[in-house]
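Chemist: Below you'll find the structure I mean.
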Amino acid sequence: MPDTRPGIKFENGVCIGCIHYEKQKTTDWAMRRNELEKLCQKYRNSNDSNYDCAIAVSGGKDSHFQVYYMKEVMKMNPVLLTVENIDSTETGRKNLQNLEESFGCDVISHKLDRDILKKLTLHTFEKYGAPTWYIDSLIYAFPIKKTMEFFDQTLKDFKVKLSARLTKFPRFPINSELIFVANSSQSKLRSSCE
């Protein structure tokens, strides 16, 4: 693997992708499935929200497989969480609709605000050279925030660990206020992001 690919990392001259591929050969998949089954048993029908778990989806083939596996194989009732693109394609919309209809799952989408997107895209591009930072972080932050709301969990320790990990991102410092902006009102955005 050439070392010119952006974001590629190596350990002792071997790329991380190759290391993970080799690890799969020695993974005890039966044990991993048993661990997943135990987790599913623990949380199946365990709360009042009618959902057993939440799955972040884009509508692609990985999302379809994850939903299929959790719904049909593990017999869970997931809620599906997604962040809509500003200009979703017809195929993208149909893929999400297919997930909803094929598996009988509710899909909750976060619709991006064009004005906020424009301001944050410009801000993160000018300040950090990363114009897609807002969308990239929202794809992860929105499902986490919604999951905490649905399952009535504060997960304070998790939030602290997530914020600490993200603030160490090598390209630029991240304002943890922006991590959970997904459901914040526009007025909560700091003036430095306008």
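The values are calculated or read from the model by the stated rules, or taken from the named source; none is laboratory data. Since we're looking at a predicted model, the values are computed, not measured. Backbone-built Cβ (ideal geometry, glycine too); neighbour counts: all protein chains shown. When the accessible area is computed, the model is the full protein with side chains, heavy atoms only, and any ligands, DNA or RNA have been set aside. Shrake-Rupley method; radii C 1.70, N 1.55, O 1.52, S 1.80 Å.
Chemist: Inside segment 32-55, can you point out the residues that are open to solvent by 80 Å² or more (accessible area, probe 1.4 Å) and under 30 Å from residue 85 (Cβ atoms)?
Modeler: Hit for segment 32-55 is 50, nothing else.
Chemist: Separate question: Taking residue 103 and the conditions (1) farther than 18 Å from residue 143 by Cα; (2) open to solvent by less than 20 Å² (accessible area, probe 1.4 Å), which numbered condition does it fall short on, given that it satisfies the others?
Modeler: Looking at each condition in turn, residue 103 falls short on (2).
Chemist: For residue 143, only one of the following conditions fails: (1) more than 17 Å from residue 66 (Cα to Cα); (2) modelled with pLDDT under 90; (3) open to solvent by less than 50 Å² (accessible area, probe 1.4 Å); (4) part of a helix (DSSP H, G or I). What is its number?
Modeler: (1)
Chemist: Separate question: Under 6 Å by Cβ, and 6 or more places apart or on different chains, what pairs join a residue from segment 75-103 that is closer than 19 Å to residue 113 by Cβ with one that is open to solvent by 70 Å² or more (accessible area, probe 1.4 Å) and in a loop (DSSP other than H, G, I, E, B)?
Modeler: Within 6 Å, the pairs are 84/111.
Chemist: Can you confirm whether segment 13-21 contains a residue that is touching a Ser or Thr at 6+ places or on another chain (Cβ under 8 Å), outside any helix (DSSP H, G or I) and modelled with pLDDT under 90?
Modeler: No, every residue in segment 13-21 fails to be touching a Ser or Thr at 6+ places or on another chain (Cβ under 8 Å), outside any helix (DSSP H, G or I) and modelled with pLDDT under 90.
Chemist: Further question on the same structure: Taking segment 70-113 on its own, how many of its residues are among the basic types (Lys, Arg) and part of a loop (DSSP other than H, G, I, E, B)?
Modeler: 2
Chemist: A further question follows. Can you name the number of the only condition in (1) under 19 Å from residue 151 (Cβ atoms); (2) in contact with a Cys (Cβ under 8 Å, 6 or more places away or on another chain); (3) not charged (D, E, K, R) that residue 8 fails?
Modeler: Result: residue 8 passes all but (1).
Chemist: Next up: Restricting to segment 75-88, and then to whatever is over 14 Å from residue 56 (Cβ atoms) and touching a helix residue (DSSP H, G or I) at 6+ places or on another chain (Cβ under 9 Å), can you tell me which residue is least open to solvent (accessible area, probe 1.4 Å)?
Modeler: Step by step, filter segment 75-88, then rank; the result is 76.
Chemist: Give segment 49-69 a look and list any residue that's touching a helix residue (DSSP H, G or I) at 6+ places or on another chain (Cβ under 6 Å) and either over 19 Å from residue 142 (Cα atoms) or not in a loop (DSSP other than H, G, I, E, B) (or both), or say none.
Modeler: Correct list: 54, 55, 56, 67.
Chemist: May I pose another question? Among the residues of segment 119-131, count how many are loosely packed, with under 13 Cβ neighbours inside 10 Å and without any contact (Cβ under 8 Å) to a residue 40 or more places away in the chain.
Modeler: 1
Chemist: So residue 58 clears everything in (1) open to solvent by 70 Å² or more (accessible area, probe 1.4 Å); (2) small (Gly, Ala, Ser); (3) over 17 Å from residue 144 (Cα atoms) except one condition, right? Which one?
Modeler: If we test residue 58 against (1) open to solvent by 70 Å² or more (accessible area, probe 1.4 Å); (2) small (Gly, Ala, Ser); (3) over 17 Å from residue 144 (Cα atoms), just (3) comes out false.
Chemist: Based on this model, can you work out whether residue 89 counts as at pLDDT below 90 and of a type in the set (S, T, N, Q)?
Modeler: yes
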